[in-house]
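The values are calculated or read from the model by the stated rules, or taken from the named source; none is laboratory data. This structure is a prediction, so every number in the text was calculated from the model and none was measured. Note that we place each Cβ from the backbone using ideal geometry, even for glycine, and neighbour counts take in every protein chain shown. Please note that ligands, DNA and RNA were not included when accessible areas were found on the heavy atoms of the full protein model with its side chains. Shrake-Rupley method; radii C 1.70, N 1.55, O 1.52, S 1.80 Å.
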Amino acid sequence: QVQLVESGGGLVQAGDSLRLSCSYSGRTLDPYIGGWFRRAPGKQPEFVAAINRNGGSIWYADSVKGRFTISRDNADNTVYLQMNTLKTEETALYYCVGVQGITIAPRNWAEYDYWGPGTQVTVSS
């Protein structure tokens, strides 16, 4: 019943920035956590960041702390991921995700209820 669609991916050079957007539709039941995973070729999805309904709780992977910022606009039904100082190793398919019924963001991709189709981010040197 919940649909997620990402946008904002593209080709950038190392050190550049991108802002990803995730638009969600359908009824999301509280508590609800929205977030981002990324999957590089041949690897399992990697947790990137997550945010709860009111923005009061935010979680980041250690590898992105200080460079990425997750935020949300509930009036616009959108979750954002601002990615600064991108690295080549962060080339991946970035997925918007959601999970209902919990108040702490899981790091395990299998625990999320909803996934978007992904948006490709490619970082060149």
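What trypsin sites (Lys or Arg not before Pro) in segment 40-88 are in a loop by DSSP, with at most 11 other Cβ atoms within 10 Å of the Cβ?
Of the trypsin sites (Lys or Arg not before Pro), the ones in loops of segment 40-88 whose Cβ has at most 11 other Cβ atoms within 10 Å are Lys43, Lys65.
Could you give the length gained on full extension between Asp113 and Asn84, defined as 0.36 nm per residue of separation minus the Cα-Cα distance, in nm?
7.7 nm
Looking at the P(r) of segment 80-120, how many percent of alpha-carbon pairs lie beyond 14 Å?
57 percent
So, taking all protein chains as they sit and a 1.4 Å probe, how much accessible area belongs to Ser71, in Å² rounded to tens?
Roll a 1.4 Å probe over it and Ser71 shows about 40 Å².
Sort out for me the Cα centre separation of segment 91-110 from segment 66-81, rounded to whole Å.
One Cα centre to the other: 14 Å.
Sequence gap at least 6, Cα distance under 8 Å: using those rules, report the relative contact order of segment 18-72 to the nearest whole percent.
26 percent
At 25 °C and 0.890 mPa s, what whole-number value in µm²/s does Stokes-Einstein give for the translational diffusion of segment 20-125, with Rh from the Kirkwood sum over Cα pairs?
It comes out at roughly 177 µm²/s.
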